[in-house]
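What follows is a short report on a single structure.
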Amino acid sequence: MKVLYPFIAVLALVAVALVGSQISGLQYLLGIALPYLAFAIFLGGFVYRVLQWAKTPVPFRIPTTCGQGKSLSWIKRDPLDCPNNKLEVAGRMFLEIFLFRSLFRNTKAEIGEGPQLSYGSSKYLWLFGILFHYSFLVIILRHLRLFTEPIPLFVKVIEFGDGILQLGAPTIYQTDLVLLGAVAFLLGRRLIMPQLRYISLPADYFPLLLIFAIAVSGILMRWVFRVDIIAVKQLTDGIASFSPVLPDGIGAMFFVHVVLVCTLLIYFPFSKLMHMGGVFLSPTRNMSNNSRAVRHINPWNDPNIKPHSYADYEDEFREFMVEAGLPVDKELPPAEKKEE
Amino acid sequence: MYDGAKIIPGLIIFVVLATFAIWYGAGDVKQVPKPEKPVGYTNCVKPTQEMKESHMTLLNQWRDEVIREGKREQVEAGGKMYEKSLQNGCMHCHTSKEKFCDVCHSYASVRPYCWDCHMSAKKIKGLEEAI
Amino acid sequence: MALPKLEELSKSVAKGPSLMTGGIPKHDWLETTPVFKPENFPYPTKQEKLEYLKFPNPREWSPEDEDWKLPSNWKDIILQGFKERIDKFRSFRIFMDCCVRCGACADKCHFFLGTGDPQNMPVLRAELIRSVYRNDFTTAGKLFGKMAGARDLTIDVLKEWAQYAYQCTECRRCSVFCPYGIDTCEITMMMRELLHLVGISINWCMEPVANSNRTGNHMGLQPHTYYENVQYLADDIEEITGVKVDVPFNKKGADILFITPSADVFAEPGIYTCMGYLILFHYLGLNYTWSTYSSEGGNFGLFTSNEMMKKLNAKMYAEAERLGVKWILGGECGHMWRVVHQYMDTMNGPADFLEEPVSPITGTKFENAASTKMVHISEFTADLIKHGKLKLDPSRNAHRIPTFHDSCNPARAMGLLDEPRYILDHVVPKWHEMPENTIREKTFCCGSGTALNTDEIMDLRMRSGLPRANAVKFVQDKFNVNMLSCVCAIDRATLLSLVNYWTPGVDVCGISELVGNALVLDGEIKRETGLRFEPLAGMEG
């Protein structure tokens, strides 16, 4: 059920695009107006969400320490897993953001008779996660060829590298296949693994199915329902330079691709996909573990919270304290002394 | 705003990168590619739209047929027969690689590997002169 | 409360139908109703304790009752508290927003490993509250409702929060594996804070909080009792070593204020750790003092609310200032050190009236504590050993074959991993590490932290402690390990029940007990027993 609705939603988007591509007024709407709107929502929404996080203070210094901290000078410390200064934090964040360091630690626990627990290394999620993200990045960068004129060298280099196998005409991009494979894995584990299946929401399936559909439509456009790439670039480059034109003869598959991509852009800031920004701001990762050496300030620290005072404490227990021979700040009043 | 000194520059970098396509090359005059049309010919082997979209598959197919299967029969277009050949067929009419093929290919950043083996007329001429 | 039968529990854990053993629950988690029955939820806080603490909605109630006697506007109170907290804690807001439900955390939680209960996967524990966050505070949730995983805050949802906020020990293990560092501890803390707003809390947490506030320690020991308990330990030391050790209390002008969890003063096996401290300080001739007012290192405020944590913690600096000491030395404790290391200076600093800690024996400056001015006993002891200031006879611990349990907070909220290991290297002839995935930053919780160390939920505790116990079993079988050493007072209490249940034959001790036992004192008699009056190796006859 949870996978069905997102599936229907993606199919519906495809249908809308196919119909729209046949109607000239809608072509303009889907091919030009929608991309502008989607990009504006993506950019504005992303910035808004990050600013919302920025507005929220970090009251306490709460890094998760994953290695030996700075202690006595002769104890070997772990600067990347337990950073003590900004440079080391930068190192930790680099590993986290670009190499998915924490996910690399992943293990799989199993329980057997005894009971006996065992923990095996499990790097599949890390591997496919990283393949997915980097393929996606390369694909996005490759697409810059359609939005820039002249085309920057780095785009050409990436494109050349991605098609280096020189298979078929047009050349196959490795990242297309890797992306499809990785998304299929990520989707498959949600459907097959009991734990994942139980926690997965429509909001987990939707972006995966959407990205899968985007990749498929892109691949179809290149090999099966081919479109006139020169016309496409006139449209896309026109959009990027704010002088949009709608050339004739752009195939329907292009509109499917565009509608799906725009949906992803619009969906992005409202969804879990915001982890792209959030990973930079996670307080358990981006803070130094130096809270005993450098005081961290909590902007809303309440100075009116006071301990139950020593004076009140002594007032309550003075008699016992004196009797036990414990030092007190105020001696017992003489009257009470007499009673004893 | 907390940690604004880090978050704001971070956001600016993000926006700058995300809008790369907008500011990169802004102000440059956009040239829509105009490949030189052959003089004296009106019909290609396939309709223009199909050639625009799929000429590469046709060439690929021709290559396989001619080189691998030895099927060298000619194709007919507008009452004329053409060789299934890049240099002797296509370029019989579209004489200049530079003024025809390259115009669109460089616009769309396509580097077909036709030219790993084939040579353009200009190059051939250059070679001949050198010899 | 009755312990679950070992055979039954062993079978149930490994074979019972649960998500851990491959069974998929029939009910969607968005639609489950929590079930409360005897022994699956700790006793709620007594009315008088909440009244004393001036917490909302004090009353007598039972979680098994249909009616929890909540205020009629409970939902508004919770949602308003929710809003306040997402505006106050970036961690909370980010952790609500960023989870992709990749499931990497699922089998990292000791509660999930032991119960197989889906709601005990950290991701789902967080989803219990995240679903409400989406419903009331996000655009997607408002637009798409259930499709976006949003659900209305109903009474059942609230009860489910209560159930699972008290099946998390805030150990942060999941956070180590999360690609975004999402820390369920932060989420559980917020859930507990919100529940307090409508009077839902557990007595095993709030009674120690109330006691700590009034008498200075969890058990509510009044000053004279506390003092006398330490005296008894000094008497025992004299009997064992022939040396009389001083027990300075509330002494103005001492150099160092010593604060340790009160469990070290009154409960086995913590008292032996305490004897270790007393022997060490006597050996060094340290000019230090105990305090009766600040007689609790532990701080159950951490498991209650940030305000209560601050209030209880404030006693440490207040007492250090009153007594005019130079710096503070802290005993072996887990969550105490989370508070001291990550919160104390922020909440109650700056402690300008103290000096940057310097060891009076070795002259070592504890630069890592320059601002907070509080040093961990393991840092202090390791430095002494490194400088050759301690005359140690490890053979006196030859009857012990220890392993070392990293406590959650020193490991994952402090980075204190190698100091205790260094000490162990020097006070016992040999010791053995547990398997790699169960130590250091990947250590497993004792299963009963955050005030869950209560007897009415024994079944749950033995399950959640299983991953730790299982690792102990491994080294017991392989190396004949017979002692589980640690630097945490909650551990000393909870691990004892755990190993007695799962791995009989293994005992529990603090590192300082082993130090005290190995330390050769001037003028001591020939030692025939250890600090527990147990015969030393070769002295059994």
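A short reminder: the numbers here are calculations on the coordinates, not readings from a lab. If you're wondering where the values come from, they're calculated on a predicted model, not measured in any experiment. Backbone-built Cβ (ideal geometry, glycine too); neighbour counts: all protein chains shown.
For this structure, a couple of remarks:
- Normalised by the number of residues in chain C, the average gap of Cα pairs under 8 Å and 6 or more apart makes the relative contact order 17 percent.
- Among C:L6, C:L452, the order by Cβ neighbours within 10 angstrom, fewest to most, reads C:L6, C:L452.
- Residue pairs exceeding 19 angstrom between C-alpha atoms, taken from A:K55/A:K86; A:K306/C:K75; C:K54/C:K311; A:K123/A:K272: A:K55/A:K86; A:K306/C:K75; A:K123/A:K272.
- Mean residue ellipticity (222 nm) of chain B, computed from DSSP H runs ≥ 4 via -39,500 (n - 2.57), nearest 500: -11500 deg cm²/dmol
- Cβ crowding within 10 Å ranks A:W126, B:W115 as B:W115, A:W126, fewest other Cβ atoms first.
- Stokes-Einstein D in µm²/s, Kirkwood radius over Cα pairs - chain B at 4 °C with 1.567 mPa s viscosity: 70 µm²/s
- Label-point gap, in nm, between A:D329 and C:T33 - each point 7 angstrom along Cα→Cβ: 5.5 nm
- Using θ = phi - 60° in the Karplus curve 6.51 cos²θ - 1.76 cosθ + 1.60, the 3J(HN,Hα) couplings for the range C:122-136 round to x, 4, 7, 4, 5, 5, 4, 9, 5, 4, 6, 4, 4, 5, 9 Hz; x is entered for Gly and Pro.
- Estimated Rh, the range C:209-518: Kirkwood, alpha-carbon pairs, angstrom: 19.3 Å
- Share antiparallel - DSSP beta bridges, chain C, percent rounded to 5: 15 percent
- In chain A, helical runs assigned H by DSSP with n ≥ 4 each contribute -39500 (n - 2.57); averaged across all residues and rounded to the nearest 500, the mean residue ellipticity at 222 nm is -18000 deg cm²/dmol.
- Candidates C:P402, C:I271, C:F55 compared by Cα position along the dipole of chain C: farthest toward the positive end lies C:F55, with charges placed on Cβ.
- Annotation: lysines with alpha-carbon distance below 19 angstrom to C:K391 (same-chain offsets under eight excluded): C:K244, C:K430, C:K526.
- Fluctuation leader among A:Q174, A:Q27, A:Q166 - chain A, Gaussian network, Cα springs under 10 angstrom: A:Q166
- Each eigenvalue of the Cα gyration tensor of chain A, multiplied by 5 and square-rooted, gives one semi-axis; in descending order these are 58, 25, 22 Å.
- Taking 7 Å steps out from each Cα toward its Cβ at C:K26 and B:W115 produces label points 7.0 nm apart.
- Leading residue at positive end of dipole, the protein assembly as shown (Cβ point charges), from C:L521, B:A130, A:Q68: B:A130
- Computed helical MRE - 222 nm, chain C, DSSP H runs ≥ 4 contributing -39500 (n - 2.57), nearest 500: -13500 deg cm²/dmol
- Calculated FRET value between C:D87 and C:T154, using beta carbons and R₀ = 35 Å, to 0.05: 0.90
- Taking every full run of DSSP H in chain A, the ones that stretch at least 15 Å from end to end by Cα along their long axis and average -1.0 or higher on the Kyte-Doolittle scale are A:4-20, A:34-55, A:86-99, A:124-143, A:174-192, A:202-223, A:229-240, A:252-267, A:310-324.
- Counting only the Cα atoms, the range A:7-69 fills a convex hull of 156 Å³ per residue.
- Computed over chain A with a Gaussian network model linking Cα atoms closer than 10 Å, the most mobile of A:I239, A:I192, A:I111 is A:I111.
- Cα pair distances of the protein assembly as shown binned at 20 Å [whole percent]: 12, 37, 28, 15, 7, 1, 0
- Violating pairs (Cα-Cα greater than 24 angstrom) within the set A:K76/C:K386; C:K251/C:K386; C:K49/C:K373; C:K315/C:K442: C:K251/C:K386; C:K49/C:K373; C:K315/C:K442
- Cα centroid of the range B:29-74 to Cα centroid of the range C:462-541, whole Å: 84 Å
- For C:V243, A:V50, the sequence from fewest to most other C-beta atoms within 10 Å is C:V243, A:V50.
- Comparing A:C66, A:C82, A:C262 in a Gaussian network model of chain A, where Cα atoms under 10 Å apart are tied by springs, the biggest mean-square fluctuation is seen for A:C66.
- J(HN,Hα) series, the range A:74-84, from Karplus relation 6.51 cos²θ - 1.76 cosθ + 1.60, nearest Hz, glycine and proline x: 8, 8, 5, 10, 10, x, 8, 9, 8, x, 10
- Partners for B:K37 among lysines (Cα-Cα distance below 18 Å; same-chain residues under 8 apart left out): B:K46, B:K52, B:K80, B:K97, B:K99, B:K122
- As a calculated quantity, the FRET efficiency between A:H133 and C:K389 at R0 = 60 Å, using C-beta atoms, amounts to about 0.70.
- Spread of Cα-to-Cα distances over 10 Å intervals beginning at zero, given as percent, for the range A:44-100: 20, 35, 33, 9, 3
- Rg and Dmax, both from the Cα atoms of the range C:18-201 and both in Å, are 16.1, 47.
- Remark: the range C:479-492, residue by residue, has Karplus-estimated 3J(HN,Hα) of 10, 6, 4, 10, 9, 9, 8, 7, 10, 8, 6, 5, 4, 4 Hz, where x stands for each Gly or Pro and the curve is 6.51 cos²θ - 1.76 cosθ + 1.60 at θ = phi - 60°.
- Distance (nanometres) between label positions extended 7 Å along Cα→Cβ at A:D315 and A:V294: 4.3 nm
- Of all DSSP beta bridges confined to the protein assembly as shown, the antiparallel ones make up roughly 40%.
- Shielding value for C:248-256 is 2, the average number of Cβ atoms from other chains within 10 Å of each residue's Cβ.
- Counting Cα-Cα pairs of the range C:191-247 in 5 Å increments starting at 0 gives whole-percent bin shares of 4, 17, 15, 13, 12, 10, 9, 8, 5, 4, 2, 0.
- Over chain C: Rg over Rh, Cα atoms, Kirkwood Rh: 0.97
- Using a Förster distance of 25 Å, the FRET efficiency for C:N480-C:E534 (Cβ separation, nearest 0.05): 0.90
- Proximal lysines to C:K37, defined as alpha-carbon separation beneath 20 angstrom and excluding residues fewer than eight positions away on the same chain: C:K5, C:K46, C:K69, C:K159
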